[in-house]
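Asker: First the structure, then my questions, so here it is.
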Amino acid sequence: MTSSRLHFRLDAQAPDSGARAATFRTLHNEVQTPLFMPVGTQATVKAQLTRTLEEAGTQILLANTYHLLLRPGADVFRRTGGIHGFMSWDRSVLTDSGGFQIFSLPHSRSMSEAGAVFQSYLDGQTILLSPELSIETQIAIGSDIMMALDQCIASTAEEAAARAAVEITQRWAARSLAARGDSPQSIFAIVQGALFPELRRESALSLGEMPFDGFAIGGLAVGESKSEREDLCEFTAQLLPADKPRYLMGVGTPLDLLEAVHRGVDMFDCIMPTQLAQRGAAFTSSGFLQMRRSVYKFSREKLDAACACPTCARYSRAYLHHLTKTSETLGWQLLGKHNIHFYHQLMREIRASILAGRFVDFYREKRAVLQESDRDNPVRKPPPARQKSRSLGSYEVHIAHEGFASIRQVTSGEIMHMRTPPMEEARSLYVEQSRLAERLSSSADPLTIWDVGLGAAANAMAAIECYEARAKIGPMGPLGPIRPMRLISFENDLDSLRLALRHLDKFHYLRHGGPVGIVANGEWQSKLCAGLSWSLVPGDFLETVARAPSPPDLIFYDMFSGRTHGEQWTIETFRRLFAACAGRAAELFTYTHSTAARAALLAAGFFVAKGRSAGAKEETTIAFTPAALGSPTTRCYELLASEWIGRWNRSQAKFPAELSTEQQPAFADQIRQHQQFR
């Protein structure tokens with residue numbers, strides 16, 4: 001048995017299961033496992049008092065080093081005596097290292113052996129988060145359990161990337177241990193390896209040889225399926241030392257926790273109890289309830305008859321329904337209080353069943369309940385509907401070989417989002433690449449997005465989804481105040497959207513009030529996010545571009561290709577678009593990497609850069625106005641340079657189709673003399 005600052009003791013091991021009950025001692029209290037840790041990222045669990053958490057039975061809170069390093073800063077904790085007195089919390093605190101948050105900012109950081117370099121979302125300052133700085137900050141915070149800095153990557157990453165992450169995580173782990181020095185705080189290492197069992201084995205065994213006080217299973221719940229997560233969780237847990245705590249990071253629902261305990265995990269954290277409470281949802285002994293449902297409008301019942309929490313003891317479902325529908329903060333607070341109590345009660349019941357030697361029976365009974373959704377008032381399925389037509393006007397529903405649905409224009413044969421699911425491409429190519437989430441906090445001025453080629457509204461809905469996710473953090477959340485966003489879509493034929501709305505079973509992203517409002521009224525104003533609006537400019541884009549309500553900051557240019565709709569990719573079209581930017585710092589994103597289209601953009605006055613890959617395309621295209629040159633975003637772009645000019649000179653398709661032979665020499669000179677290539 002290896003030494004540990006936590007004095008870990010295994011109290012019981014469930015027969016025919018990996019489930020275990022244990023006890024360990026931190027600097028502040030005795031802890032019994034299995035346990036759930038509410039997430040207090042910024043030294044607070046959202047909408048909850050520390051007294052409430054104590055009453056619910058919280059043993060450890062999780063706080064985040066990345067956020068606390070930026071605000072309030074390590075000096076505040078040094079001067080105030082640490083996080084416990086700072087937030088009035090007498091029990092244990094575990095601090096995450098910041099690795100996952102760095103992973104969540106793929107366009108604002110770079111990784112190296114030294115650490116992760118990122119820009120502060122508060123003031124733009126460049127910071128190197130090294131293993132040493134992470135531990136130094138956690139020591140200043142005064143947490144009971146620190147986490148070694150790791151390189152988190154998507155669970156679906158390729159093997160080479162996963163191996164590199166495993167190797168650098170191991171080296172950073174050794175540096176984190178050295179940085180801890182003689183501090184009495186405990187420290188956990190984090191196992192990585194994506195979905196590759198042998199990499200997981202390598203990571204677990206290598207880290208297990210180091211004198212850590214516990215081990216976490218990282219890099220899950222970031223892209224894999226539920227069955228993949230459970231299999232990797234069980235595989236990894238069995239590789240970890242039996243005499244130290246095992247912690248599955250960022251997971252999950254009550255059912256997820258039950259499954260992971262069965263597979264040998266002791267500790268969990270997740271934002272779900274408070275995040276879902278904000279949306280009106282509750283976990284109960286009657287299944288998962290959504291208090292927005294009108295079935296609760298007159299209900300005098302308790303939220304959960306089997307629950308003894310303060311919310312269930314005092315408030316009716318009718319009142320909680322009312323608070324949820326009116327977006328009152330009290331509703332969020334009361335439902336969050338209940339959800340946290342429910343999680344802790346589940347952990348206590350699991351522990352008792354392990355100690356009594358009946359966990360497997362408990363697991364089977366509880367599993368059936370936890371996967372239910374509202375057994376008191378089940379959602380009744382409507383009778384089978386008549387088969388809906390899969391075509392409308394010039395459009396039809398197309399099912400790809402991979403199984404996802406998109407819209408095909410019959411007359412041209414073009415398919416919107418042919419090789420990638422619509423929302424996946426929209427998020428990657430337009431929302432993520434434009435760094436929309438960051439822009440929503442970068443200014444107080446309204447942000448205007450032109451969605452040129454509405455189609456079935458995937459790009460528009462990806463932008464709205466991004467805004468709503470940012471708004472849920474709060475108007476003055478860790479990213480700063482959220483700015484208003486005006487989305488303006490251009491489309492001359494709404495039949496593609498109307499058809500997709502008829503098939504919501506295939507186009508799930510349209511289950512939202514926005515698309516219905518656009519089709520019915522040509523505009524939509526969010527009721528949940530006061531700063532979010534969406535309007536339609538109907539008609540041919542060339543004719544309507546000049547009468548758009550406001551100039552763009554971002555342009556999502558997603559028209560049909562120049563092969564079938566050449567008029568949408570001409571120099572004149574891009575000149576009008578450039579003029580509509582009205583001298584603003586505007587950026588355009590499009591799926592094409594056509595040489596002629598890029599040349600037309602350059603001729604219209606834009607600067608042009610390489611965009612990320614999409615589907616079968618190795619590159620896409622980014623363009624921006626001269627006013628945007630040198631901005632924080634455009635500095636990250638890879639501009640077309642002399643290499644591209646060389647290929648363009650040799651290309652047999654370098655001229656936009658509308659140019660006559662006589663016009664081509666002058667056009668060629670214009671491209672070669674563009675400021676971008678000087």
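The values are calculated or read from the model by the stated rules, or taken from the named source; none is laboratory data. What you are looking at is a predicted structure, and each value in this text was computed from that prediction instead of being measured. Positions of Cβ are backbone-derived with ideal geometry, glycine not excepted, and every protein chain shown enters the neighbour counts.
Asker: Could you identify the single residue in Gly453, Gly517, Gly513 that is closer than 23 Å to Gln409 by Cβ and of a type in the set (Gly, Ala, Ser)?
Answerer: Going through Gly453, Gly517, Gly513 in turn, the sole match is Gly453.
Asker: Can you spot a residue in the stretch 618-633 that is in a helix (DSSP H, G or I) and exposed (fewer than 15 other Cβ atoms within 10 Å of the Cβ)?
Answerer: The answer is yes; a qualifying residue exists.
Asker: Could you give every pair whose Cβ atoms fall below 7 Å, whose first residue belongs to the stretch 430-443 and is assigned by TED's automatic domain parsing to the domain that holds Arg483 and on the phi > 0 side of the Ramachandran plot, and whose second residue is buried (at least 18 other Cβ atoms within 10 Å of the Cβ) and part of a loop (DSSP other than H, G, I, E, B), counting only separations of at least 6 or pairs across chains?
Answerer: Taking only residues 6 or more apart or on different chains, the pairs are Arg435/Thr633.
Asker: Being under 26 Å from Arg9 (Cα atoms), at pLDDT 95 or above and surrounded by fewer than 20 Cβ atoms within 10 Å (Cβ to Cβ), is that true of even one residue in the stretch 211-230?
Answerer: yes
Asker: So Val251 ticks every box in (1) at pLDDT 95 or above; (2) β-branched (Val, Ile, Thr); (3) closer than 26 Å to Phe362 by Cβ but one. Which box is left unticked?
Answerer: Among (1) at pLDDT 95 or above; (2) β-branched (Val, Ile, Thr); (3) closer than 26 Å to Phe362 by Cβ, Val251 violates only (1).
Asker: Does the stretch 324-338 include one or more residues that are under 30 Å from the mean Cα position of the chain (by Cα), modelled with pLDDT under 95, exposed (fewer than 14 other Cβ atoms within 10 Å of the Cβ) and on the phi > 0 side of the Ramachandran plot?
Answerer: Within the stretch 324-338, one or more residues are under 30 Å from the mean Cα position of the chain (by Cα), modelled with pLDDT under 95, exposed (fewer than 14 other Cβ atoms within 10 Å of the Cβ) and on the phi > 0 side of the Ramachandran plot.
Asker: All but one of (1) aliphatic (A, V, I, L, M); (2) in contact with a strand residue (DSSP E or B) (Cβ under 6 Å, 6 or more places away or on another chain); (3) under 25 Å from Ile415 (Cβ atoms) hold for Ala596; which doesn't?
Answerer: The number of the failed condition is (2).
Asker: Given the conditions (1) over 23 Å from Ala277 (Cβ atoms); (2) aliphatic (A, V, I, L, M); (3) surrounded by fewer than 17 Cβ atoms within 10 Å (Cβ to Cβ), report the number of the one that Ala469 does not fulfil.
Answerer: (1)
Asker: Among the residues of the stretch 195-205, is any within 25 Å of Pro15 (Cα to Cα), out of contact with any Asp or Glu (no Cβ under 9 Å at 6 or more places or on another chain), surrounded by fewer than 21 Cβ atoms within 10 Å (Cβ to Cβ) and in contact (Cβ under 8 Å) with a residue 40 or more places away in the chain?
Answerer: Looking for residues that are within 25 Å of Pro15 (Cα to Cα), out of contact with any Asp or Glu (no Cβ under 9 Å at 6 or more places or on another chain), surrounded by fewer than 21 Cβ atoms within 10 Å (Cβ to Cβ) and in contact (Cβ under 8 Å) with a residue 40 or more places away in the chain, one finds none in the stretch 195-205, hence no.
Asker: Next up: Here is a list of conditions, (1) of a type outside the set (D, E, K, R); (2) at pLDDT below 95; (3) at positive phi, and Gly81 meets all of them except one; can you say which number that is?
Answerer: It is condition (2) that Gly81 fails.
Asker: For the stretch 523-540, which residues satisfy the criterion of being surrounded by fewer than 18 Cβ atoms within 10 Å (Cβ to Cβ) and under 16 Å from Ser496 (Cβ atoms)?
Answerer: Correct list: Pro538, Gly539, Asp540.
Asker: Consider Leu659 carefully, then state whether it is surrounded by 13 or more Cβ atoms within 10 Å (Cβ to Cβ), assigned to a helix (DSSP H, G or I) and either touching a residue at least 60 places away in the same chain (Cβ under 8 Å) or over 32 Å from the mean Cα position of the chain (by Cα) (or both).
Answerer: no
Asker: Considering only helices (runs of 4 or more DSSP H) fully contained in the stretch 1-113, which possess at least 1 residues that are touching a His at 6+ places or on another chain (Cβ under 9 Å) and hydrophobic (A, V, I, L, M, F, W, C)?
Answerer: Qualifying helices (runs of 4 or more DSSP H): 50-56.
Asker: Inside the stretch 305-329, can you point out the residues that are of a type in the set (S, T, N, Q) and under 18 Å from Ala530 (Cα atoms)?
Answerer: Residues satisfying the conditions are Thr324, Thr326, Ser327, Thr329.
Asker: Run down Ala242, Ala221, Ala260, Ala237 and say which single residue is of a type in the set (A, V, I, L, M), within 20 Å of Asp16 (Cα to Cα) and in contact with a Gly (Cβ under 6 Å, 6 or more places away or on another chain).
Answerer: Ala237
Asker: So which residues in the stretch 1-52 are among the polar types (S, T, N, Q) and either in contact with a helix residue (DSSP H, G or I) (Cβ under 7 Å, 6 or more places away or on another chain) or under 24 Å from Thr253 (Cβ atoms) (or both), if there are any at all?
Answerer: Selection gives Ser17, Gln32, Thr33, Thr41, Gln42, Thr44, Gln48, Thr50, Thr52.
Asker: Sticking with this one: Could you tell me which of the residues Phe589, Phe560 is of a type outside the set (Val, Ile, Thr), within 24 Å of Leu429 (Cα to Cα) and modelled with pLDDT under 95?
Answerer: Phe560
Asker: Let me ask something else about it. For the stretch 158-193, name all the residues that are within 28 Å of Leu27 (Cα to Cα), touching a residue at least 12 places away in the same chain (Cβ under 8 Å) and of a type in the set (D, E, K, R).
Answerer: Listed by number, the residues that qualify are Arg171, Arg175, Arg180.
Asker: Go through Ala653, Ala666 for me and flag whichever is among the aliphatic types (A, V, I, L, M) and touching a residue at least 40 places away in the same chain (Cβ under 8 Å).
Answerer: Selected residue: Ala653, the only one of Ala653, Ala666 that is among the aliphatic types (A, V, I, L, M) and touching a residue at least 40 places away in the same chain (Cβ under 8 Å).
Asker: Test Ser120 against the stated conditions and say whether it is at pLDDT below 95, within 19 Å of Leu69 (Cβ to Cβ) and among the small types (Gly, Ala, Ser).
Answerer: Taking the combined requirement at face value, the residue satisfies it.
This table checks each residue for (1) surrounded by fewer than 21 Cβ atoms within 10 Å (Cβ to Cβ); (2) β-branched (Val, Ile, Thr); (3) under 25 Å from Thr544 (Cα atoms).
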position	(1), (2), (3)
Val452	no, yes, yes
Glu465	yes, no, no
Arg486	yes, no, yes
Ala500	no, no, yes
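Asker: Would you list the helices (runs of 4 or more DSSP H) that sit entirely within the stretch 516-611 and hold 1 or more residues that are assigned by TED's automatic domain parsing to the domain that holds His503 and closer than 26 Å to Ile464 by Cβ?
Answerer: 541-544, 571-580
Asker: Of these, Leu61, Leu49, Leu68, Leu35, which one is closer than 23 Å to Leu330 by Cα, in the same structural domain as Gly336 (by TED's automatic domain parsing) and crowded, with 22+ Cβ neighbours inside 10 Å?
Answerer: Result of the check over Leu61, Leu49, Leu68, Leu35: Leu61.
Asker: Which one is surrounded by the fewest Cβ atoms within 10 Å (Cβ to Cβ) among residues in the stretch 239-274 that are within 16 Å of Gly208 (Cβ to Cβ) and basic (Lys, Arg)?
Answerer: Lys244
Asker: Now for a separate question. For the structure I just gave you, tell me whether Leu355 is under 30 Å from the mean Cα position of the chain (by Cα) and either at pLDDT 95 or above or more than 20 Å from His508 (Cβ to Cβ) (or both).
Answerer: no
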